[in-house]
Amino acid sequence: MEDYYQSAKKFILSKEVEFSGGTVQEIKAHMAEMNELREVLARGLPRAKRLASIFQIPVVAFDPVTKAQCHAFTTIINNDANGFIEDNQKLDLLNETIGACLEVERAHLLKLINPLYWVTATITKTLRIPFWVLETAGFKSESFEKSLAGSVVRLIELVLIIGLLVYLGFSETELRDTIKSLVNV
């Protein structure tokens, strides 16, 4: 997205350039660069739209007069009804999308380096094994999983896992945190 932003910014700034007294060669070079930027922006547009949609960034504007919809990222390379969405707003929306992407990246990085997350995820998956076996065999495990028998199976698994964690040397605080996260499963 950051490369897309840089390309969009360069395209927006370059489309306003006027050539008075420029050589034909300079004009052709500028036009070639604009076409190349346009191509890069068009190829990256579906991804930019998808990311903005995922993060619920408001990138669609409605013209109150014509009732037409304008997508801010599309209007970077297409005519947007005489500046209905200003170029700075388009770049701001791209920056907002980049910020949302960075937040998700940071959250996933924190999960990746947090060993307690991995222990909890592993234990959670382990607790699901009997129910997964039932689902694979064709049974509907949802009702069994929520029943008393399913709770007993989970309790037995949980006791075995806690015993394993104590054997591996987990401290009381680590055990308490792990159990709290498992009980909320």
Exercise. For V159, what accessible area in Å² do you get when you roll a 1.4 Å probe over the heavy atoms of the protein chains, rounding to the nearest 10?
Worked result: 90 Å²
Problem set entry | Helix 172-183 vs. the chain, principal-axis angle (Cα, 0 to 90°, nearest 10) | 80 degrees
Exercise. With each run of n ≥ 4 DSSP H residues scored as -39500 (n - 2.57), what mean residue ellipticity at 222 nm is computed for the chain after dividing by its residue count and rounding to the nearest 500 deg cm²/dmol?
Worked result: -24500 deg cm²/dmol
Exercise. How large is ³J(HN,Hα) for each residue in region 107-121, as worked out from phi by the Karplus curve 6.51 cos²θ - 1.76 cosθ + 1.60 (θ = phi - 60°), to whole Hz, x for Gly and Pro?
Worked result: 4, 5, 5, 4, 5, 4, 9, 8, x, 5, 4, 5, 5, 4, 5
Problem set entry | Longest segment of the chain lacking chymotrypsin sites (Phe, Trp or Tyr not before Pro) that sit in a DSSP loop with at most 13 other Cβ atoms within 10 Å | 20-138
For this session: Would you mind checking the tilt of helix 24-54 against the longest principal axis of the Cα atoms of the chain, expressed as 0 to 90 degrees and rounded to 10?
Result: 30 degrees
Exercise. For the chain, what is the charge dipole size about the Cα centre, in debye to the nearest 20, if Lys and Arg each add +1 at the Cβ and Asp and Glu each add -1 at the Cβ?
Worked result: 700 debye
For this session: Distance between Cα centroids, region 109-162 to region 17-78: provide it in whole Å.
Result: 49 Å
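Before I look further, what does the chain give for accessible area per residue, probe 1.4 Å, in whole square angstrom? Could you put the intermediate results ahead of the total?
Details: 12880 Å² over 185 residues.
With the other protein chains kept in place, the chain gives 70 Å² per residue.
First check a/c for region 26-76, with a ≥ b ≥ c the square roots of the eigenvalues of its C-alpha gyration tensor; if it is under 1.5, answer rounded, and if not, answer prolate when a/b is larger than b/c or oblate otherwise.
In terms of gyration-tensor shape, oblate.
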Exercise. At a Förster distance of 30 Å, what's the computed FRET efficiency of I27 paired with V60, Cβ-Cβ distance as r, to 0.05?
Worked result: 0.30
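Quick one: with all protein chains in place, what share of the accessible area of the chain is carbon or sulfur, to the nearest percent (1.4 Å probe)?
Working: 7650 of 12880 Å².
Here carbon and sulfur together make up 59 percent of the probe-accessible area.
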For this session: Report, ordered by chain and residue number, the lysines lying within cross-link reach of K10, taken as a straight Cα distance under 16 Å and ignoring same-chain residues fewer than 8 apart.
Result: K90
Problem set entry | Kirkwood hydrodynamic radius (C-alpha pairs) into Stokes-Einstein, the chain, 4 °C and 1.567 mPa s, D in µm²/s | 60 µm²/s
Problem set entry | Accessible-area value, R50, 1.4 Å probe, nucleic acids and ligands omitted, Å² | 120 Å²
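If contacts are Cα pairs under 8 angstrom and at least 6 residues apart, what is the relative contact order of the chain in percent? Provide the component values of the computation, followed by the final result.
Numbers: 100 pairs, mean separation 31.7, N = 185.
Relative contact order, the chain: 17 percent.
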Problem set entry | Amide N of region 109-140 lying under 18 Å from the label point, which is placed 7 angstrom from the Cα of S171 along Cα→Cβ | 114-120
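The values are calculated or read from the model by the stated rules, or taken from the named source; none is laboratory data. Nothing here was measured: the structure is a model prediction, and the numbers come from that model. When we count neighbours, we look across all protein chains shown, and the Cβ atoms used for this are built from the backbone with ideal geometry, even at glycine. Quick note on the areas: whole protein, heavy atoms, side chains included, nothing else; ligands and nucleic acids left out. Shrake-Rupley method; radii C 1.70, N 1.55, O 1.52, S 1.80 Å.
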